[in-house]
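Okay, so here's the structure we're looking at.
The values are calculated or read from the model by the stated rules, or taken from the named source; none is laboratory data. Keep in mind that what you see is a predicted model, and the values were worked out from it rather than measured. Cβ placement follows ideal geometry from the backbone for every residue including glycine, while neighbour counts extend to all protein chains displayed.
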Amino acid sequence: MTSGAASGGVGTISYNTATTLTVTTVGATPATGDTFQIYQPMTIDGTHPSSIGHATIAAAFDLGLVK
C-alpha cells in the first residue's frame, strides 16, 4: 500500500476479477481511495520467486517504494 491508513502494508493477491482484487494483508485494512502498487516478481514455478524475483522485491524495499 502506498497511501492511506494501510500505507506500508504488504499483501498477496489471492483472487481477482476485472474490477476487484482479493488481497491477504499484513497490517491495516485498506480503505476506499487508498493507493497501491503491484509487483510481479519473476518466479521459478509461478509461485516461488526466483533469485531475480527476490532481488526485484528487495530493490522495491530499498528504493522506498514499499514502506
Just for region 6-16: of the residues that are surrounded by fewer than 10 Cβ atoms within 10 Å (Cβ to Cβ) and under 26 Å from Ala59 (Cβ atoms), which one is modelled with the highest pLDDT? Ser14
How many of the residues in region 50-67 are loosely packed, with under 10 Cβ neighbours inside 10 Å and either hydroxyl-bearing (Ser, Thr, Tyr) or modelled with pLDDT of 70 or more (or both)? 1
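Of Thr47, Thr19, Thr32, which residue is at pLDDT below 75, in a loop (DSSP other than H, G, I, E, B), β-branched (Val, Ile, Thr) and out of contact with any Pro (no Cβ under 9 Å at 6 or more places or on another chain)?
Going through Thr47, Thr19, Thr32 in turn, the sole match is Thr47.
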